[in-house]
Amino acid sequence: MMKKLLALAIGLMLAAGLSACGQTDEKLYVYNWGEYLSDGVYGDRDNLAAFEEYYEEITGRSIKVYYTTYPSNEDMYAKVSSGTSIYDVIFPSDYMVERLIAEDLLLPINIEEVCDELGAECYYDTVTEDFRGLYYDPEDKYSVPYTYGRVGIIYNTTMVDEEDCTGWEILWNDKYAGKILQFNNARDAFSTVQYMLGIDVNTTDPADWELVYDKMLEQKEIIQSYVMDEIYNKMESGEAAVAAYYAGDYFTMLEVNEDLGFFYPEETNIFVDCMCIPKGSGNPKAAAMFINYMLKDEAAIPNAECLFYASPHECVYTDEDYIEEMGEEVMEVLYPEDFNFREQLNKYAFRNLDPETAELVNGLWEELKIEGGLPDSIYMTAGILAALIAAAVIGILVRNRRRAKWY
Amino acid sequence: MKKLSKLYLAIVFIFLYSPIVVMILISFNAGESTAHMTGLSLRWYRQMLSDDITLNAFRNTLVLSSVSALVSTLLGTLASVGISRIRKRRIRNAVKNVTNLPMVNPDIVTGISLMLLFVFTAQALGRESALGFGSLLIAHITFSLPYVIMSVLPKINQLDRSVPEAAMDLGCTPMQSFFKVELPFISPGIVTGLIMAFTLSFDDFVISNFTSGASFETLTIHIYAMIKKSVKPGIYALSTLIFIVVMTLILVYNLLSSRDRRER
Amino acid sequence: MSNRRNLAAYPHIVWSALFIVAPMLFVLYYTFTDGAGDPTLENITRIGTSNYLLIFLNSLCMALIATVICLVIAYPLAYIFSRMRADTQSIMMVLIMLPLWMNFLITTYSWMTLLEDTGIINTLLGYIGIGPLHMINTPGAVITGMVFCFLPYMVMPIYSVMAGIDPRIIEAAKDLGCSDRDVLFRVVMPMSISGVISGITMVFVPSISTFYISQKLGGGTFQLIGDTIESYFTGTAINFHFGAALSMVLMIMILISMGVMNRFGDENEERGLLK
C-alpha cells in the first residue's frame, strides 16, 4: 500500500517535470542578474515569452529561452570563464566587460549585420550617443548598454537630521552608531571611502588602499552590518537609519517605507550594465536578436519600469507614458539635468583591477572582516567545552580500560 | 516529569517552527516587503502562480531530487548488499570510508571538487558545456549515496544470515530468496534512505551552486541570485505552499502506515 | 553465491572512484599548483602565515558551540521521543524533519526578521516591558541559525539508536535494581554513543563550513572559513588554487577530528540512521 503510494507520488513528479520539456528548433541561454528583467512575474510584461514570439515571427523558427540568474558579476565571471557552461547572453557591468574583453571571452555582437541578414528591423539607434564608445568597449563591438545608475545614500528621515546629509561623511557619523549599513563587497565598500577622500577608485598605489582600510576599520566600530540584499528589509523596517545603495533600489524601498530619503554625494560610483555574447555561444545570431529585441520600446520600457534603474535607451526616457509612470521625483533622481554621463563615468567608474591590486584589495577586505574577531566569550565558551569534552573522552577511555582489565 | 518533558517539547517546537510561522505570515503580506507587514492579502499567491521562472525552478528541483533520490537509492541498496558480503574486513572498511567521505566532507569542498572535475573533463573532451542537469544529477547522487547506505546497511547486517539460507534450502533460487525474504526485511531502511536522499537534494544549495549550468536552475539557486535585488514575499508564498503540501502528505502517510500496522 | 553477491557493490565502487576519489585528486592538484600549472607549496604556506589560522579557529569555535548546543537539546528530546507510543514517535520525528523541507535561505531570512532590534521578538518583549535585546549581528545569532538548521540531523541518529534499544534490556536492568536514573546513565547512554557520534558528524561538518547563515545573521562583521573559501571561487580575487588549498586544509581538519571521534565510539555500522 505505502509503496504504491510512494511510487505514484514519484511518478507524478517525474511526469510533471518531463512534460515541461517541449521541443523547439533553437535554444537560447540567457544568464542575468536575479530580478533584472521584466518577466511577467509582477503582472508586468513577460519579455522572455515576447522575445520567443518575436523571433519566431522573424525567422519562422521556434526558440526556447533558458533563463538563469546570478547574484554578482564575480559569480557570473566564475561560470563564464571556467568554460563549463555555454551562455548566449550575459549582463556584465562595465568593468567586467573590460575584463571579459581583455581575456578574450566575448564575441562581437554585429547587431546590424545580423538584423540585415534576418531581415529584421534594427533598434540599435535607440542607444543614446552618450553611451557609445565608452572606455570599456571603445568601438562598441562587444557590448550594448542595458541600464545604468549611480550609488547614493538612503536615509530614514525620522532618524536622521537633514543637515547631516552632506556626503559620504554621514556613514562615519557616530551619532548614528549601530544604525549604519555598509556594502558587503570589497569594491563597493572601499569605494565609499575613496569617493569621500577623493582617492581614485582604481588606484594601484598600495598606500592608498591602506589609507582606505584604516578608514573602513574606523567605521567598523559604529556600523550595524555589512549587507547586500538585506538592506531592503533593514531600511524598510527602520532597523537601520542610513545606507549607501543604488539609486533605483531606493524607490523600491520607498514604496514600503515612506519615511526614506535619498541624496547623491558629490562624487559617487556610476555603473553601466551591458548585454554581451560570451565566447562559445551556440547561437550568437539568436543572441544578437535577443539583444536587439531588448532595445525595442515594447520590451525596453517594461524592463526600465520594473528595474527602476535609468535607461540608456532614448525610446524609454522620452516616452511619455514612462515619464508619467515614473513620476517627477523618480525622473529627477534617475535622469538629473546637466549630468555629463561620459565625464562622470570616466572619472568615477570601476575599472578592472590588475591581479596584484585585486589580491591586495581582497586581502584587506578579509583583514577588515577578521579585525576585532569574535567576542572573547565565544573563545572562552569554546575552550571550556573543548576541555569538558576532552575530559569526558579521557574519563570514558580510562574507565573502559580499567574494565577491560577486570574481565 | 511528564509535565516537564511536555514543556521541553513545546519549547523545542516553538524554536523550530517560529521562523516557519514568520514565513507563513509574511506570505500574506499586502506590501512588497519581507520585513514589514502592511496588511493581509493573497496577492503573492496569485503572483507566484503566474511566475513561470520560479515555478520552473521549482519543477526543476522536484525532477532533480526525485531522479537523484531514486538512482542513489538503487545504487546505494545494491552497494549495501555488496558491501555486506565483502569478506575481507580491510577492504570492506576502505569502501565504507570512501563512501562516507561526502558526508564528512564539507558541502563546499564536495561542490568545488566536483566542479573542478567537470571543468577538467569538459576541457579534456573539448566540450564546452559540462554543467547542466547531468552534472547536478551526478553531484546530488554522490552526496546522497552515503545517507542511503547508512540507512540500508545496518538493516542488512541485522538480518540473520541463516534466514535467506533457509529459504534457499527450501528451494528458493538465490534471486527469489533475495526478493522474497531479504528485500521485505530491509525495505524500511530503503524507504528511509529514499526520503533522506530526497530531502537532502531538495534543500541543497551549496553543491548545486557550484555544479549548475546554463540550462537548469534549481529553486535555491534562483533565490540566492535575488541577492542584489530584494527577495519578495512571493517566494515565501511558494514555500508556504510547499510546507502545507509536505505536511499533509506526511501526516496522511503516517496515518495510513499506522493503520497498516494495526491491521497487521 | 557470496562471490557473485559482492558484485553488487561494483557500480557503487566505480561511482565512488569517479565522483568521490577523482574530484579529491583535483583538489589536491589545484592545491599544489599555481595559476600557470607549475607545482608550488605557496598556497599551503600562505594559510600558515596569515590570518587564515584565525579564521579557521573562529569557525572551529562557532561550530563546536553549535554542535554542543544541538547535542544538549537533541539528547533529551530523543530520549523523550523514544519513550512515547510508537505512533506518536513517528509523528514526532516527522515534525522534527519537516523544517528541513523549508528552504534554508528563507528560514534564515525569517530568523533575521525575528532577531532584529526592531524585529518580532523584540516587539513582543516590548509589550511585556522588557527592553530591546540586541541579538542580530552577533555570533550568538549565527549559532542560533546553525542550531536551527542542523538540529534535526542531531535528533535523527540519536533517536534511532535509542528506539532500537531492546526494551527487555531496560526491564532486566530494572529487575536487577536500577532506578530510572541508573537506567538512563548506565544503560541508555552507553548504548546510544554511536548515535551521538553520527549526530555530531552530521552537525559539526555543515556548521564549520556554512557561509550563508553567517552572512545574514552575523551582519558580515566577521568571517568564517566557508565565507572565505566561497570568496576565492566567486569573489573579487578569484583564485581556484588558493581556494582549493583552503578546502583541503578544512577537509583534513575535519577528517582528523572525525577519525578521533570514530575511534572513540563503537562501531556504529550496526545501527542505522533511522529505524
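The values are calculated or read from the model by the stated rules, or taken from the named source; none is laboratory data. Just so it is clear, the model here is predicted, and its values are computed rather than measured. So basically every Cβ, Gly included, is an ideal-geometry build from the backbone, and we count neighbours across all protein chains shown.
For segment A:65-92, a residue qualifies if it is in a loop (DSSP other than H, G, I, E, B) and within 10 Å of chain B (Cβ to nearest Cβ), and the qualifying residues are A:P71, A:S72, A:S82, A:G83, A:T84, A:S85, A:I86, A:Y87, A:D88. Can you spot a residue in segment A:397-405 that is touching a strand residue (DSSP E or B) at 6+ places or on another chain (Cβ under 8 Å) and either assigned by TED's automatic domain parsing to the domain that holds A:M96 or exposed (fewer than 12 other Cβ atoms within 10 Å of the Cβ) (or both)? Scanning segment A:397-405 turns up no residue that is touching a strand residue (DSSP E or B) at 6+ places or on another chain (Cβ under 8 Å) and either assigned by TED's automatic domain parsing to the domain that holds A:M96 or exposed (fewer than 12 other Cβ atoms within 10 Å of the Cβ) (or both). Does segment A:93-105 contain any residue that is touching a strand residue (DSSP E or B) at 6+ places or on another chain (Cβ under 8 Å), part of a loop (DSSP other than H, G, I, E, B) and within 18 Å of A:N303 (Cβ to Cβ)? No: zero hits.
Note on segment C:199-213: residues that are in contact with a Gly (Cβ under 9 Å, 6 or more places away or on another chain) and modelled with pLDDT under 90 amount to 4.
For (1) under 30 Å from B:I149 (Cα atoms); (2) buried (at least 18 other Cβ atoms within 10 Å of the Cβ), each residue gets a yes or a no:
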{"residue": "C:P132", "(1), (2)": "no, no"}
{"residue": "C:N137", "(1), (2)": "no, yes"}
{"residue": "C:V147", "(1), (2)": "yes, yes"}
{"residue": "C:S179", "(1), (2)": "no, no"}
{"residue": "C:I213", "(1), (2)": "yes, yes"}
{"residue": "C:L224", "(1), (2)": "no, yes"}
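Checking each residue in segment B:223-264 for being surrounded by 24 or more Cβ atoms within 10 Å (Cβ to Cβ), within 20 Å of B:N60 (Cβ to Cβ) and in contact (Cβ under 8 Å) with a residue 24 or more places away in the chain picks out B:I235, B:Y236, B:A237, B:L238, B:S239.
To keep it simple, each residue is scored yes or no on (1) surrounded by 17 or more Cβ atoms within 10 Å (Cβ to Cβ); (2) assigned by TED's automatic domain parsing to the domain that holds B:T218.
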position: B:T34; (1), (2): yes, no
position: B:A57; (1), (2): yes, yes
position: B:S80; (1), (2): yes, yes
position: B:N97; (1), (2): no, yes
position: B:M103; (1), (2): yes, yes
position: B:F120; (1), (2): yes, yes
position: B:G126; (1), (2): no, yes
position: B:S135; (1), (2): yes, yes
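Taking the condition in the same structural domain as B:A139 (by TED's automatic domain parsing) and assigned to a loop (DSSP other than H, G, I, E, B), does B:R92 pass? So B:R92 fails the test. Quick check on A:L345: is it touching a strand residue (DSSP E or B) at 6+ places or on another chain (Cβ under 6 Å) and hydrophobic (A, V, I, L, M, F, W, C)? Yes.
Filtering segment A:183-192 for residues that are without any contact (Cβ under 8 Å) to a residue 60 or more places away in the chain and under 21 Å from A:G373 (Cα atoms) leaves a non-empty set. Within segment B:184-219, the residues that satisfy the criterion of being among the hydroxyl-bearing types (S, T, Y) and either surrounded by 24 or more Cβ atoms within 10 Å (Cβ to Cβ) or at the interface with chain A (Cβ under 10 Å from one of its Cβ atoms) (or both) are B:S187, B:S201, B:S208, B:T211, B:S212, B:S215, B:T218.
Could you tell me whether any residue of segment B:142-162 is in contact with a His (Cβ under 7 Å, 6 or more places away or on another chain), without any contact (Cβ under 8 Å) to a residue 12 or more places away in the chain, in a helix (DSSP H, G or I) and surrounded by fewer than 24 Cβ atoms within 10 Å (Cβ to Cβ)? Taking every residue of segment B:142-162 in turn, none turns out to be in contact with a His (Cβ under 7 Å, 6 or more places away or on another chain), without any contact (Cβ under 8 Å) to a residue 12 or more places away in the chain, in a helix (DSSP H, G or I) and surrounded by fewer than 24 Cβ atoms within 10 Å (Cβ to Cβ).
A count restricted to segment B:29-56 and to residues that are more than 8 Å from every other protein chain (Cβ to nearest Cβ), touching a residue at least 24 places away in the same chain (Cβ under 8 Å) and in contact with a strand residue (DSSP E or B) (Cβ under 9 Å, 6 or more places away or on another chain) stands at 2. Note on segment A:210-307: enclosed strands (runs of 3 or more DSSP E) holding 3 or more residues that are touching a residue at least 60 places away in the same chain (Cβ under 8 Å) are A:242-246, A:260-263, A:270-275.
A count restricted to segment C:185-243 and to residues that are within 29 Å of C:V72 (Cβ to Cβ), assigned to a helix (DSSP H, G or I), without any contact (Cβ under 8 Å) to a residue 12 or more places away in the chain and within 12 Å of chain A (Cβ to nearest Cβ) stands at 2.
Going through (1) of a type outside the set (D, E); (2) under 20 Å from the mean Cα position of the chain (by Cα); (3) within 14 Å of chain B (Cβ to nearest Cβ) one by one, A:L100 falls short only on (3). Among helices (runs of 4 or more DSSP H) entirely within segment C:73-166, having at least 1 residues that are of a type in the set (S, T, N, Q) and touching a residue at least 60 places away in the same chain (Cβ under 8 Å) singles out C:86-97, C:104-115, C:139-164. Looking across B:S187, B:S208, B:S215, one residue alone is part of a loop (DSSP other than H, G, I, E, B) and either farther than 14 Å from B:F58 by Cβ or touching a residue at least 24 places away in the same chain (Cβ under 8 Å) (or both). It is B:S215. The set of residues in segment C:86-136 that are at the interface with chain B (Cβ under 10 Å from one of its Cβ atoms) and either aromatic (F, W, Y) or over 23 Å from C:F150 (Cβ atoms) (or both) comprises C:A86, C:D87, C:T88, C:W101, C:F104, C:Y109, C:W111, C:T118. Of the residues making up segment A:232-254, those that are closer than 19 Å to C:T118 by Cβ, among the hydrophobic types (A, V, I, L, M, F, W, C) and surrounded by 22 or more Cβ atoms within 10 Å (Cβ to Cβ) number 6.
Condition check ((1) over 30 Å from A:Y232 (Cα atoms); (2) more than 22 Å from the chain's Cα centre (by Cα); (3) at the interface with another protein chain (Cβ under 7 Å from one of its Cβ atoms); (4) of a type in the set (D, E, K, R)) across all residues:
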site	(1), (2), (3), (4)
B:N60	no, no, no, no
B:I86	yes, yes, yes, no
B:I91	yes, yes, no, no
B:N97	yes, no, no, no
B:V109	yes, no, yes, no
B:L116	yes, yes, yes, no
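Residues in segment B:214-264 that are outside the structural domain of B:G134 (by TED's automatic domain parsing), of a type in the set (F, W, Y) and under 22 Å from B:L25 (Cα atoms): B:Y236, B:F243. Within segment A:271-287, the set of residues being small (G, A, S) and out of contact with any helix residue (DSSP H, G or I) (no Cβ under 8 Å at 6 or more places or on another chain) comprises A:G280, A:G282, A:A287.
Within segment C:40-63, residues that are within 8 Å of chain A (Cβ to nearest Cβ) sit with their Cβ atoms under 6 Å from residues that are surrounded by fewer than 19 Cβ atoms within 10 Å (Cβ to Cβ) and modelled with pLDDT under 90, at 6+ positions apart or across chains, in these pairs: C:N51/A:I370; C:L54/A:I370. Output yes when any residue across segment A:71-89 is of a type in the set (V, I, T), at pLDDT below 95 and over 30 Å from B:V206 (Cβ atoms), and no when none is. Checked segment A:71-89: no residue is of a type in the set (V, I, T), at pLDDT below 95 and over 30 Å from B:V206 (Cβ atoms).
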